[in-house]
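These notes are about the structure you will find just below.
The values are calculated or read from the model by the stated rules, or taken from the named source; none is laboratory data. Please read all numbers here as calculations on a predicted model, not as lab measurements. Methodologically, a virtual Cβ is constructed for each residue, glycine included, from the backbone with ideal geometry; neighbour enumeration extends over all protein chains shown. Just the protein is used for accessible areas: all its heavy atoms, side chains included, with ligands, DNA and RNA removed. Shrake-Rupley method; radii C 1.70, N 1.55, O 1.52, S 1.80 Å.
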Amino acid sequence: MGSKNFARMLVVMVSLGLSCGAQVLSISRIKDPQAQILQQQYISQLRALSSEAAAIHFPYPFYFSETLDIDEARQKQLPLGSIRFDRFHGQTVLEITGNYYVSYSGSMLSANLRARKTFQDVILPLLKVAVAHVDRTAPLDAYAFEIAHHVRSKVLNVNTEGPENLMLLVPRGVAELLVEAKDAEGQQGALLESEIFLNGEPFTLWLTGDEAPADVNDHYLARHKTTEAPTSLSTAEPGSLVNPRLVPEAELSVQIRERSRIAPDLSPVRMEKLQTAYESVVEKLSADLKEQAHFVAYAPPAFIGFRDGAYLQLNMNTELEPSGDSSRYRTAALAFDNHISHLLRPVSRYFHDNPQFQGIDFSTTVHQGAQAIAESAEFVVPFSALSCYEKYDCTGQELINRSVVLINGERVALDLQRAESSFNSGTRQEKM
């Protein structure tokens, strides 16, 4: 190889090496001290992420940028870099912000179609790279994206073009489900568990059809509507972002109830209507699964109001082998693995046709021998989690993480592996 060719190759290699990390935000530009530490600690992973992200072929020019809503000429004059850790509401997020220089027709493409295109063309590819390169050792709670694209419209017969900002905030576990989803249905379930904003307003991003169905849209907005629009990721001070999904879940249900513009109907009248509407389905379920489920004869399946929706409560008995000094967390974990988990898919198959309630409450009384005190365990599972599990896109632990678990009426965080090993190790789960 000639010296000139070698020199050219060396220049190319050096320039590529520099560009690989160019999308990572400089530590000096990060204001939160804890985020600075994480940026330094995981810099090699961020650079690997940046390298792969730089190789993504976007349909239109995309720039990793802190500054949004600017024209491309000015963007080219600014330094690149937006991949960084940050802190919001005491939670750790990995943020990616940038400008996507596509110009959508406002008259030909609805807000949902525009948001869908930017999600599919930019956010989803970047999320897949981020999930692949940030390992489980990083203390990360969520991924956050804000992408600005442009929309052409006509105002008073004058053609105009302006920016539109799409923001996605997705909890880590949900992000992993989103990137592993095999179809649009799986992706949709994950998006409904995330926070999406369009120009600062809660937005239901729908992946099939022009718009989300009215009932889905109303329910999503009622759950995620906030009293004030979230601050832009690109300009937010640490701790200023308004995002309920990044608030600890124990606080989340309270905030959702307080902030919902549309209060859920949990009245006895609605429960009676559901009971009547699903009477034949529930009777068939009860007959078909009687032997497997061990239903309680004196407490037939019934609809109940719980948190922000209606659930079909299935009352059962679970028999476990006597185990001496077993903790109630281990008892609940064994009840799930040995009994409840075997009912999830069979029960889910009865409710594929757009059910008009939120999920199933698997409620069981756990018996461990004649001398042991019976424990009550409830697994309140939303249909989104049930569907994910049914299609083998979620593990049992992931389903539990997206559900509510009650032991003797108290909500707990249940780690199946730790709980089942606690009998030997003495390790107990902590209540939320």
Exercise. For region 384-408, what are the residues that are farther than 16 Å from H342 by Cα and open to solvent by less than 30 Å² (accessible area, probe 1.4 Å)?
Worked result: S403, V404, V405, L406, I407
Exercise. Failed condition for A148, given (1) of a type in the set (G, A, S); (2) touching a residue at least 60 places away in the same chain (Cβ under 8 Å); (3) surrounded by fewer than 22 Cβ atoms within 10 Å (Cβ to Cβ), with all others met?
Worked result: (3)
Exercise. Within region 64-95, which residues are in a strand (DSSP E or B) and either open to solvent by 70 Å² or more (accessible area, probe 1.4 Å) or not basic (K, R) (or both)?
Worked result: F64, I83, F85, D86, F88, Q91, T92, V93, L94, E95
For this session: Confirm whether S51 is polar (S, T, N, Q), buried (at least 17 other Cβ atoms within 10 Å of the Cβ) and modelled with pLDDT of 85 or more.
Result: yes
Exercise. Any chance region 47-63 includes a residue that's under 28 Å from L177 (Cα atoms) and in a strand (DSSP E or B)?
Worked result: yes
For this session: Output yes when any residue across region 384-392 is of a type in the set (A, V, I, L, M), on the phi < 0 side of the Ramachandran plot and modelled with pLDDT of 75 or more, and no when none is.
Result: yes
Exercise. Taking region 344-355 on its own, how many of its residues are within 19 Å of A310 (Cβ to Cβ) and over 22 Å from the mean Cα position of the chain (by Cα)?
Worked result: 4
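Would you call I123 open to solvent by less than 10 Å² (accessible area, probe 1.4 Å) and in contact with a helix residue (DSSP H, G or I) (Cβ under 6 Å, 6 or more places away or on another chain)? First the steps, then the outcome.
Numbers: open to solvent by less than 10 Å² (accessible area, probe 1.4 Å): yes; in contact with a helix residue (DSSP H, G or I) (Cβ under 6 Å, 6 or more places away or on another chain): no.
Answer is no for this residue.
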Seminar exercise, completed: Inside region 338-376, the number of residues satisfying the requirement of being open to solvent by 10 Å² or more (accessible area, probe 1.4 Å), touching a strand residue (DSSP E or B) at 6+ places or on another chain (Cβ under 8 Å), under 17 Å from Q397 (Cα atoms) and in contact (Cβ under 8 Å) with a residue 40 or more places away in the chain is 1
For this session: With the condition kept exactly as written, say whether any residue in region 14-24 is at pLDDT 65 or above and either assigned to a loop (DSSP other than H, G, I, E, B) or closer than 18 Å to F85 by Cβ (or both).
Result: yes
Problem set entry | Filtered residues of region 276-328 (kept if open to solvent by less than 30 Å² (accessible area, probe 1.4 Å), small (G, A, S) and within 29 Å of the chain's Cα centre (by Cα)) | G309, A310
For this session: Count, please, the residues in region 206-232 that happen to be surrounded by 14 or more Cβ atoms within 10 Å (Cβ to Cβ), modelled with pLDDT of 70 or more and of a type in the set (G, A, S).
Result: 2
For this session: For region 357-367, indicate whether the set of residues that are in contact with a Ser or Thr (Cβ under 7 Å, 6 or more places away or on another chain), under 18 Å from V412 (Cα atoms) and among the hydrophobic types (A, V, I, L, M, F, W, C) is non-empty.
Result: yes
Exercise. Do you know which residues across region 202-218 are out of contact with any helix residue (DSSP H, G or I) (no Cβ under 9 Å at 6 or more places or on another chain) and either touching a residue at least 40 places away in the same chain (Cβ under 8 Å) or not aliphatic (A, V, I, L, M) (or both)?
Worked result: P213, D215, N217, D218
Exercise. Quick one: which of A385, A335, A287, A299 is over 29 Å from S194 (Cα atoms), in contact (Cβ under 8 Å) with a residue 12 or more places away in the chain and assigned to a helix (DSSP H, G or I)?
Worked result: A335
Problem set entry | Positions within region 96-131 being in a strand (DSSP E or B), among the hydrophobic types (A, V, I, L, M, F, W, C) and under 24 Å from A181 (Cα atoms), in sequence order | I96
